[in-house]
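Structure record follows, encoded as structure tokens.
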Amino acid sequence: MKKMMLVYGALILAFLTYVFMYRLEDKRSSAWEEGGLHGSMGENYVMVTFQSGMEYWKNILKGFEDGGDALGVTVDYRGSTQYDVEEQITVLEQVIAKRPAGIALSAIDSKALTSTINKAVDAGIPVVLFDADAPDSKAYSFLATNNYNAGVAAADKMAQLLGREGEIGIVTQPGQQNHDDRSEGFRDTLAQRYPSMSVVEVREGKGDTLVAKEAAADMLGKHPDLKGIFVTEASGGMGVADAVIGADKAGRVTIIGFDTNKGTLDRISDGTIAATIAQGTWNMGYWSLQYLFHLHHGLTVPAPTLGNDVSPLPVRVDTGISIVTRENVNDYYAK
């Protein structure tokens with residue numbers, strides 16, 4: 001009797017395995033139509049951000065939409081309206097409840113979002129992260145600027161502009177992984193390569209122009225010999241520029257910002273901001289959609305889980321940077 005039960009158990013397991021593999025293969029084959037990849041009716045992918053009205057997200061969303069158009073699927077955009085961890089968690093929970101084909105997420109807080117990301121993955125919803133990581137989560141891939149290297153590039157540019165000496169301030173968003181990496185790369189590079197340069201203060205800008213302006217104004221007052229300020233995101237860059245103008249130090253305090261919103265580009269054009277780090281934002285959106293599609297259809301697996309008939313999904317993808325100055329700023333305005 002015991003042997004018979006074992007035989008029945010083995011047969012049931014074999015049958016379930018067959019059904020699973022059949023459905024997976026059917027899912028894969030359904031993605032191929034007329035020689036190319038194509039999604040099914042009602043197949044929807046969602047991008048989730050924070051401070052959803054920020055100009056910064058526009059080019060990423062454009063890439064996400066372009067990816068959707070290429071594959072014949074629909075996309076949606078959701079996000080917290082404020083820089084608020086709890087609000088983004090709530091938005092993500094609402095998205096998970098609708099069971100989309102996949103979710104692309106920029107995590108406002110690398111630790112706070114982890115359990116909710118894991119909830120989506122455990123429910124069978126593929127999640128990839130872009131721009132801001134949650135490295136301890138079950139998300140399949142992270143597509144972003146190598147933010148540490150971007151901080152290194154900003155430090156090298158600052159050193160070039162200041163003749164390798166001077167006191168420097170940083171305005172950033174502590175606790176958000178991408179900003180922490182940028183700040184760390186910047187500080188490490190100054191310490192290792194430019195001994196006559198030092199970071200004298202780091203302030204929080206909260207991704208808000210007015211908050212960053214107030215932080216920079218206070219910093220300028222406390223450090224009258226300040227020669228430069230590195231700002232790790234776009235809205236803060238505009239606020240710092242306003243503070244420098246208000247202190248009548250335009251041209252005497254070198255600002256290096258991040259991203260290419262119109263306000264930053266205008267400040268580069270008039271010389272208030274010396275340079276900004278431009279990210280490959282369209283790439284983040286486009287490839288996030290592509291990865292989610294492949295995961296949803298079983299066309300790939302997360303590395304390092306390798307199979308014979310699938311391609312591994314990269315764990316991290318560097319979407320690249322360039323440095324924008326007054327010489328090339330016109331190339332970055334929206335056409």
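The values are calculated or read from the model by the stated rules, or taken from the named source; none is laboratory data. Not measured: the values here are computed from a predicted model. No Cβ is skipped: glycine too gets one built from the backbone with ideal geometry, and neighbour counts run over all protein chains shown. Please note that ligands, DNA and RNA were not included when accessible areas were found on the heavy atoms of the full protein model with its side chains. Shrake-Rupley method; radii C 1.70, N 1.55, O 1.52, S 1.80 Å.
One decimal place: the segment residue 160-residue 333 gains 59.8 nm when fully extended, by the rule 0.36 nm per residue minus the C-alpha distance. Multiplying the residue separation of residue 69 and residue 93 by 0.36 nm and removing their Cα-Cα distance gives an extension gain of 6.0 nm. Highest average first, the peptides 72-81, 131-140 ordered by how many other beta carbon atoms sit within 10 Å of their residues are 131-140, 72-81. Entry note, the range 78-204: relative contact order of 21 percent, from Cα contacts under 8 Å with a spacing of 6+ residues. Given +1 at the Cβ of Lys and Arg, -1 at the Cβ of Asp and Glu and no other charges, the dipole of the chain around its Cα centre is 640 debye to the nearest 20. Three principal axis extents of the range 179-332 based on alpha-carbon atoms, in descending order, are 63, 34, 28 Å. Taking amide H as placed 1.01 Å from N in the peptide plane, residue 145 has its amide H under 5 Å from the amide H of 131, 319, each at least 5 places away in sequence or on another chain. The length gained on full extension between residue 38 and residue 270, counted as 0.36 nm times the residue separation minus their Cα-Cα distance, comes to 78.9 nm.
Relative to the globular-protein estimate of 2.2 N^0.38 Å, the Cα radius of gyration of the range 165-213 stands at 1.20. Exposed loop sites were defined as GluC sites (Glu not before Pro) in DSSP loop states (anything but H, G, I, E or B) carrying at most 10 other C-beta atoms within 10 Å; in the chain the longest segment without such a site runs 35-326.
Say the cut-off is 28 Å between C-alpha atoms; which of 58/222; 138/262; 111/249; 62/249; 157/222 go over it? Correct reply: 58/222; 138/262; 111/249; 62/249.
Averaged per residue, the chain has 48 square angstrom of accessible surface, using a 1.4 angstrom probe with ligands and nucleic acids left out. Where both residues lie in the chain, what percent of DSSP beta bridges are antiparallel, nearest 5? Antiparallel bridges make up about 15 percent of those DSSP assigns within the chain.
What a 1.4 Å probe finds exposed on the range 82-226 is 44% carbon and sulfur by accessible area, rounded to a whole percent.
Evaluating 6.51 cos²θ - 1.76 cosθ + 1.60 at θ = phi - 60° for every residue in the range 312-326, the Karplus couplings come out as x, 8, x, 6, 9, 10, 8, 8, x, 9, 9, 9, 9, 10, 4 Hz, glycine and proline recorded as x. Using R0 = 30 Å, the C-beta based FRET efficiency linking residue 252 and residue 214 works out to 0.90. Between the amide H of residue 105 and those of 48, 128, 129, 130, distances stay under 5 Å, these residues lying 5 or more places away or on another chain, with hydrogens modeled in the peptide plane.
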